[in-house]
Amino acid sequence: PNKITVQTLAEKLGKAPSEVIKFLMMKGVMAAINQEIDFDTASQVAEEYGILLEEEAEEVLEEKMFEEEPDNPEDLVERPPVVVVMGHVDHGKTSLLDAIRESNVTAKEAGGITQHIGASTVEINGKKITFLDTPGHEAFTAMRMRGAQVTDIAILVVAADDGVMPQTIEAINHAKAANVQIIVAVNKIDKPSANPDRVKQELADHGLLVEEWGGDTICVPVSAIAKTNLDTLLEMVLLVAEMAELKANPNKRARGTIIEAQLDKGRGPVATVLVQSGTLKVGDPIVAGSAYGRIRAMMDDKGRRVKKAGPSTPVEILGLSEVPAAGDSFYVAESDKQARHYAQILAERNREQSLRATPNKVSLDDLFSQ
Ligand code: GTP
Ligand code: MG
């Protein structure tokens with residue numbers, strides 16, 4: 001049920017609004033200039049002028065599609081923070097993520113086989129944290145893409161024996177530009193050459209004053225290898241998340257972002273998505289760029305089949321018609337038909353934005369672009 005205002009309809013028909021209002025009155029519809037009328041009525045008016053409103057229908061649909069369903073305040077519930085680990089090459093981003101996952105995730109798994117997807121969830125003290133993986137130094141390759149902001153918190157890894165380096169500064173700038181909270185993890189404190197105070201000084205030089213020096217930047221000394229202080233780091237993440245009061249409405253059709261996607265020989269297009277609002281379910285008709293389809297199966301970050309996924313949950317989905325681009329937004333449509341229709345619209349838009357890069361992973365730039 002699409003709607004259009006009398007004013008817009010008049011503009012589209014190139015007629016005076018008063019004339020359209022008169023026309024509507026003759027049809028028994030009383031409408032003011034700013035009032036919305038349903039699309040069928042609008043089409044009938046247009047027909048009188050010998051104009052087909054088909055294209056307009058698409059435009060209206062298109063706008064509707066990007067309009068998020070409004071939330072009732074009582075539907076908003078706490079959601080896990082979405083965290084990205086950033087830092088200079090070799091400062092220990094991957095080691096830190098591995099260490100966090102091992103102590104919280106893999107250790108508890110029966111077979112110990114963790115299917116690696118571009119995002120994962122850990123649980124600490126009964127609270128969840130969602131981590132997004134970013135590739136090492138490629139993370140900084142500039143990729144200009146649209147996309148909603150997906151991260152809440154950035155863990156900035158700085159090696160205690162190396163200090164603030166060019167990509168540390170880049171990461172600080174990215175996070176600041178996107179208004180993402182930074183938590184510093186001074187890593188490799190097990191090393192004899194570690195000098196955390198020097199790191200703190202260098203951070204101060206770049207506008208991050210740590211708490212013990214009177215600033216408001218949380219800074220945790222850690223060792224990914226010796227597994228020192230990882231719990232403290234995670235507790236800090238939860239603390240920051242709690243203060244940010246991150247909320248989302250799980251009671252509506254899901255939308256979110258494609259984190260990574262590829263073609264799997266046996267399973268077809270496979271995409272890792274992050275649900276940002278609503279609840280994604282098996283069987284949902286979904287659109288992501290020019291890809292569309294009905295979700296055939298969903299797997300969580302541990303490779304287990306799941307039937308639904310709420311806000312801040314990363315899942316792998318099967319059933320798309322093609323491989324979407326990382327950074328694409330995804331939407332759940334009202335029907336298969338609508339999904340296909342939206343995909344056509346988005347495909348057209350993509351064609352218009354010709355030579356669009358289609359990376360198969362999201363970069364930091366994408367994560368922070370808004
Ligand atoms: P890129 O992805 O290439 O940017 O690197 P990274 O930041 O992911 O670093 P990675 O985890 O690959 O670690 C780089 C090197 O530092 C490896 O040899 C790790 O073993 C070592 N390393 C990481 N964390 C620690 C630590 O806490 N202590 C010590 N001693 N070595 C560490
Ligand atoms: Mg790495």
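The values are calculated or read from the model by the stated rules, or taken from the named source; none is laboratory data. If you're wondering where the values come from, they're calculated on a predicted model, not measured in any experiment. FYI the Cβ positions are ideal-geometry reconstructions off the backbone, even for glycines, and counts take in every protein chain you see. Keep in mind that these areas ignore ligands, DNA and RNA; they rest on the heavy atoms of the full protein, side chains included. Shrake-Rupley method; radii C 1.70, N 1.55, O 1.52, S 1.80 Å.
Yes/no per residue for (1) of a type in the set (Val, Ile, Thr); (2) more than 25 Å from residue 245 (Cβ to Cβ); (3) open to solvent by 30 Å² or more (accessible area, probe 1.4 Å); (4) more than 10 Å from ligand 1 (Cβ to nearest atom):
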{"site": "160", "(1), (2), (3), (4)": "no, yes, no, no"}
{"site": "169", "(1), (2), (3), (4)": "yes, yes, yes, yes"}
{"site": "181", "(1), (2), (3), (4)": "no, no, yes, yes"}
{"site": "191", "(1), (2), (3), (4)": "no, yes, yes, no"}
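Read through the list (1) in contact with a Leu (Cβ under 7 Å, 6 or more places away or on another chain); (2) surrounded by fewer than 18 Cβ atoms within 10 Å (Cβ to Cβ); (3) closer than 18 Å to residue 342 by Cβ; (4) not polar (S, T, N, Q), then give the number of the only condition that residue 283 fails.
It is condition (1) that residue 283 fails.
Considering only residues of region 133-179 that are among the basic types (Lys, Arg) and in a loop (DSSP other than H, G, I, E, B), which is modelled with the lowest pLDDT?
Within region 133-179, the match that is modelled with the lowest pLDDT is 144.
Please pick out the residue among 246, 238, 230, 263 that is more than 16 Å from ligand 2 (Cβ to nearest atom) and touching an Asp or Glu at 6+ places or on another chain (Cβ under 7 Å).
246
Residues that are aromatic (Phe, Trp, Tyr): which strands (runs of 3 or more DSSP E) entirely in region 255-335 hold 2 or more of them? Quick ask: steps written out before the conclusion?
Numbers: elements: 255-264, 268-277, 285-288, 291-299, 314-320, 329-332.
So the answer is 329-332.
Take the residues in region 47-63 that are under 12 Å from residue 4 (Cα atoms) and open to solvent by less than 60 Å² (accessible area, probe 1.4 Å); name whichever of them is modelled with the highest pLDDT.
53
Return the pair list, or none, for Cβ contacts closer than 6 Å from residues in region 1-29 that are closer than 11 Å to residue 45 by Cα to residues that are open to solvent by 70 Å² or more (accessible area, probe 1.4 Å), at least 6 apart or on different chains.
6/35
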